[in-house]
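*Asks:* The structure that follows is given in the form of C-alpha cells.
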Amino acid sequence: MNKVIIDTDIGVDDALAIAYASHHCDIVGITTVFGNVTVQQAVKNAKLFTEILGINTPIYRGLSRPLAIDPTPVNKTVHGEDGLGGVFNNHHNDDAEDAIRFIIDTIMANPGEITLIPIGPLTNIAAALSQEPRIAECVKQVIIMGGAFGTDGNQGNVTPLSEFNIWKDPHAADQVLSSQMPITMVPLDVTHRVLVTGDEIRKMGHQELIAMTEGYLKYSLEKEKFEGMAVHDALTISYLLLPDAFTIERAPLRVVTEGFATGLTLKKVTELGSRANPFSESRIQNVCINVDSDRVKKHLLTTLQTYKD
Ligand code: BDR
Ligand code: CA
C-alpha cells in the first residue's frame, strides 16, 4: 500500500481527496496549512473529518501564513463558513504537533517510501525543504494539486493568470517547483476536465459527504449554471493510483512571484534565449495536461460509494 502524507488546507475537495485516499493508501499523517481556511480551522477540520471517516490518522499543524507576502483573507463563499460546507458541529480543538518536523522526520526515516501529496498552498513543503534539503532525494514522489499551464485556456481560477494554491504563496510554490524533488503537477488543465454532478454526489450514499458538498453545489449552480464541481484535490489520488490515465508533459518549472502575473506557473517550452535562463536550476518535472476523465471519475465515485453510514 502506498504510504502518503497529505498536506491540506482542508476544504470540501480536500476532504473528498482524503476520503478517496483512505480507501487505497496508508495515510501516515495529515499535515495542515492555511488556505481555504486558517491553519487552526484546518486542524479542527482534519480531526473531525478523520473521525467521520473512522480512520485513526495523526494530524499535524503547519504554517499559518505565506513565506514572503501578507496573507490574503479566507474566502468563505465556496467551501462554506468552516471550509467543510458549514454543516458540522465541530467539537475538536486545534492542538497538534508540528507539521514541518513530521514531514522531515517521516521522509528521512523512510527513504524512497513516502509520497507527499500537497493539496493546499506549498508553504509547509518549502519550509521543510529549507530546513532539510535532503528530503528532495529521500521522498518517493510529490504529487501537487496546483497551477495552470494554459491547456484549453486553463490559466487561473483566482486571477486570470493564477491558480488558488499557487497564488496564496507564490514564493513557496516557486521554491518547491524549482527544487530537486520528483514532482508531478495536477493542475487546472486536468482538474477542470473531471466534473462530478450533484446527482452523482447524492448517489454516493454517505450523508455527511453529501451534506458537506451542498453549499459548493449551490454556489456552482448560481455562478456557473451547473450543479456540479471540479474535484481538484481528489485527482492527486487518481494520479497516484491510475497514472496511465493521465497524459504527461515533462519540463522544468517556475512560478512568477511578483507583478501582475503573480502566481503564474510556467514550464519551459523553448530552448531559445541568449541571456539568463530562469529554469537553469530546476529539475525536469511531470505536468499532467490531459486525463481520461471517464475512467478517473468512475474510479473516484466507485470508491466513495463504498462509504455508507
Ligand atoms: C484548489 O483551490 C482550493 O480551493 C481547492 O481546495 C484546491 O486545492 C483548486 O484551485
Ligand atoms: Ca485544497
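*Asks:* Once amide H atoms are placed 1.01 Å from N in the peptide plane, what residues at a sequence separation of 5 or more from residue 27, or on another chain, have their amide H within under 5 Å of its amide H?
*Replies:* 4
*Asks:* What does the C-alpha gyration tensor say about the overall shape of region 242-300? Classify as rounded when a/c is under 1.5, otherwise prolate if a/b is larger than b/c, or oblate.
*Replies:* In terms of gyration-tensor shape, prolate.
*Asks:* Tell me the per residue accessible area of the chain using a 1.4 Å probe; a whole number in Å² is fine. List each step's numbers first, then the result.
*Replies:* Working: 12850 Å² over 309 residues.
Per residue, the chain has an accessible area of 42 Å².
*Asks:* Charges on Cβ only, +1 for Lys and Arg, -1 for Asp and Glu, centred on the Cα centroid of the chain; of 34, 216, 264, which one is farthest towards the dipole's positive end?
*Replies:* My answer, from the dipole projection, is 264.
*Asks:* Kindly work out what percent of the DSSP beta bridges joining two residues of region 3-304 are antiparallel, to the nearest 5.
*Replies:* Here the share of antiparallel DSSP bridges comes out near 35 percent.
*Asks:* List the pair-distance distribution P(r) of region 3-304, using every Cα-Cα distance, as the percent of pairs falling in each 10 Å bin from 0 up to the bin containing the longest distance, rounded to whole percents.
*Replies:* 7, 30, 39, 21, 4, 0
*Asks:* Okay, moving on. Set the Förster distance to 35 Å, then compute FRET efficiency between residue 3 and residue 274 from the Cβ-Cβ distance, nearest 0.05. Please list the in-between numbers first.
*Replies:* On the way: r = 46 Å, r/R0 = 1.30.
Taking R0 as 35 Å, the efficiency between residue 3 and residue 274 is 0.15.
*Asks:* Another one. Is there a pair in 47/225; 44/218; 47/268 whose C-alpha atoms are over 32 Å apart, and which pairs would that be?
*Replies:* Beyond 32 Å between Cα atoms: 47/225; 47/268.
*Asks:* For the pair residue 64 and residue 89, what calculated FRET efficiency results from E = 1/(1 + (r/R0)^6), where r is the Cβ-Cβ distance and R0 = 25 Å, to the nearest 0.05?
*Replies:* Plugging the Cβ-Cβ distance into 1/(1 + (r/R0)^6) gives 0.55.
*Asks:* Here is a further query. In deg cm²/dmol and to the nearest 500, what is the mean residue ellipticity at 222 nm of the chain if only DSSP H runs of at least 4 residues count, each as -39500 (n - 2.57), divided by the residue total?
*Replies:* -10500 deg cm²/dmol
*Asks:* Something else: Return the carbon/sulfur percentage of the accessible area of region 3-304, one whole number, probe 1.4 Å, all protein chains in place. Intermediate results must be reported in sequence, preceding the final value.
*Replies:* On the way: 6030 of 12210 Å².
The nonpolar share, carbon plus sulfur, comes to 49 percent.
*Asks:* Right, next: Give, in nm to one decimal, the length gained when the segment between residue 294 and residue 109 is fully stretched (0.36 nm per residue of separation minus the Cα-Cα distance).
*Replies:* Contour length minus Cα-Cα distance gives 62.8 nm.
The values are calculated or read from the model by the stated rules, or taken from the named source; none is laboratory data. What you see is a predicted model, and the numbers here were worked out from it, not measured in a lab. Because the Cβ atoms are built from the backbone with ideal geometry, glycine has one as well, and the counts that use them run over all protein chains shown. Surface accessibility is based on the protein's heavy atoms, side chains included, excluding ligands, DNA and RNA. Shrake-Rupley method; radii C 1.70, N 1.55, O 1.52, S 1.80 Å.
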